[in-house]
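> First the structure, which I've put down as structure tokens, then a few questions once you've had a look.
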Amino acid sequence: IRVVNVVDTTAPEMSLNGDVEVTLEAGSEYVELGASAVDLNENLIVSISGSVNNLVPGQYVLTYSVTDNEGNMGSLVRLVNIVDTTGPIMTLNGSSIVTHEAGSTYNDAGASAQDLVDGSVNVLVSGSVNSNIVGQYTLTYTATDVAGNSSSLIRVVNIVDTIAPVLTLNGSSVVTHEAGSTYNDAGASALDLVDGSVNVLINGSVNSNLVGQYTLTYTSTDTVGNSSSLIRVVNVVDTTAPEMSLNGDVEVTLE
């Protein structure tokens, strides 16, 4: 006789579904593809140990194990690398292009940044705006996450001067002047938000020896060409009777 003992000492053949090593961007969904095992005609179930946190960068090990009916065990591992290579998502508060009137304080609206891994991230601002000087200014907003990934946005601030100087008449806007006496005009003053004190030009004249109505126009122009004007009406009047003198004595006695 011959005794033939048929034994099973071979572990099931295993194969991973997908790659042995997987690199996944943090915040992205990790899809487990599993593994398969073959051993004779047995219906085998593969168990998985380990887990992946797709929000925390690092290397994760997943172990796939299977045991056949004879107790033979096989296993495979998969490495999952969670990496953070994406900068924070930045959002400007307000418009990316701002037009601001010179002379008034500029208050920047700022920006915010949100990172998939770190959550809210601080935003640094570089650049400045001089609201008293007309021109174009650029502000740069930068946010950097814990992994060193940076992203940035810019805002352009245009400082413009569209407001004319403020004119003020010295004295009344309507003047009544007695004819025959010299007319001395009180003038006017002008103040601009950007340029400060501005020269005032006077157009028109007054003939104080000729009764009538005269108009004086005061004009002030700032350095960017904004102008404003005021007028003064001067009425030259004659309310004084003629000066009389007698030829000879005031009282005369005649024979």
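> State which residue is nearest to LEU191 (Cα to Cα) when the search covers only segment 208-234 and only residues that are in contact with a Ser or Thr (Cβ under 7 Å, 6 or more places away or on another chain) and not hydroxyl-bearing (Ser, Thr, Tyr).
ASN226
> Quick check: is even one residue across segment 188-196 assigned to a strand (DSSP E or B) and over 23 Å from HIS100 (Cα atoms)?
Yes, there is a match, as at least one residue in segment 188-196 is assigned to a strand (DSSP E or B) and over 23 Å from HIS100 (Cα atoms).
> If you don't mind, there's one more thing I want to ask. Within segment 62-181, considering only strands (runs of 3 or more DSSP E) that don't extend past its boundaries, which have at least 3 residues that are open to solvent by 40 Å² or more (accessible area, probe 1.4 Å)?
Once the strands (runs of 3 or more DSSP E) in segment 62-181 are filtered for at least 3 residues that are open to solvent by 40 Å² or more (accessible area, probe 1.4 Å), what remains is 73-83, 97-101, 123-126, 135-144, 150-160, 174-178.
> Out of everything in segment 33-43 that is of a type in the set (A, V, I, L, M, F, W, C) and closer than 22 Å to VAL61 by Cα, what residue ends up being most open to solvent (accessible area, probe 1.4 Å)?
Top of the filtered list is LEU33.
The values are calculated or read from the model by the stated rules, or taken from the named source; none is laboratory data. Predicted, not measured: the structure shown is a model, and the values here were computed from it. Methodologically, a virtual Cβ is constructed for each residue, glycine included, from the backbone with ideal geometry; neighbour enumeration extends over all protein chains shown. Note: accessible area is taken over every heavy atom of the protein model, side chains too, but ligands, DNA and RNA are not part of it. Shrake-Rupley method; radii C 1.70, N 1.55, O 1.52, S 1.80 Å.
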